[in-house]
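Visitor: The structure that follows is given in the form of structure tokens.
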Amino acid sequence: MTTTRSPEAAEAERYRDAMRRVPAAVTIVTSLFDREANGLTATAVCSVTADPPQVLVCVNREATAQALIARSRRFVVNFLSEEHEERARRFSQPKLPAQDRFAGISWVVMATGSPAMADAIVALDCRVNTDMICGTHAIYVANVVDVRVDNAAPLLYRAGEFCRLMR
């Protein structure tokens, strides 16, 4: 067996290409602070622990919603169904005003006061307990304080495209 020394970090483009091949659930992360709501499409979301319930969310620091999440210290992770592809595209537009992102969607207010999509397949209402800056992103670890659950097929993202589970 031959051993090769690896550099301290993989080439960024090669890493991005590799990670694009890994399917991910599509979410919209929403927050509200001082009567200002905003949100963004995110796939870098994962469960941290069930006891206590915690989730990790990575948010691009240039996203318009990032400053709102940082100030409010709370957010909702809305997991999207196959029917929500248009919403995922809408919330991923960096220059789209927040009111246009939220238009035409039925919202409910969660325990933290953050907005959740009424028809999300899962909505996790979260309070930030730890955050850090890592390169281009802010990483938030948050306690899940409330949960809404529905039953629908999830929307996934892989290789730059939205996709669905085969049944």
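Visitor: Would you mind calculating the gained length between S92 and V48 on full extension (0.36 nm times residue separation, minus the Cα-Cα distance), in nm to one decimal?
Guide: Between S92 and V48, full extension yields 13.4 nm more.
Visitor: Right, something else. Work out the charge dipole of segment 49-119 with +1 on the Cβ of Lys and Arg and -1 on the Cβ of Asp and Glu about the Cα centre, then indicate which of C58, P115, I69 is farthest towards its positive end.
Guide: Of C58, P115, I69, it is I69.
Visitor: Relative to the Cα centre, what is the charge dipole magnitude of the chain, using +1 at the beta carbon of each Lys and Arg, -1 at the beta carbon of each Asp and Glu, and rounding to the nearest 20 debye?
Guide: Details: 20 positive and 19 negative charges, 44 e Å.
Dipole about the Cα centre, nearest 20: 220 debye.
Visitor: Label-point separation (nm) for L165 and R21, each offset 7 Å from Cα along Cα-to-Cβ?
Guide: Distance between the two pseudo-spin positions: 2.4 nm.
Visitor: Here's something else I'd like to know. Report, in deg cm²/dmol and to the nearest 500, the calculated mean residue ellipticity at 222 nm for the chain, where each DSSP H run with n ≥ 4 adds -39500 (n - 2.57) and the sum is divided by the residue count.
Guide: -4500 deg cm²/dmol
Visitor: Over the alpha-carbon set of the chain, work out the extent along each principal axis and list the three values in angstrom, largest first.
Guide: Principal-axis extents of the chain (Cα, largest first): 57, 38, 37 Å.
Visitor: What FRET efficiency do you get for D150 and A70 if R0 is 45 Å and r is their Cβ-Cβ distance, rounded to the nearest 0.05? If you can, show how the numbers build up before the last one.
Guide: Details: r = 29 Å, r/R0 = 0.64.
Once rounded, the FRET efficiency stands at 0.95.
Read-outs throughout are calculated quantities, based only on the coordinates presented, and are distinct from any laboratory measurement. A quick note: this is a predicted structure, and the numbers were derived from the prediction, not measured. Cβ: placed from backbone, ideal geometry, glycine included. Neighbour counts: every protein chain shown.
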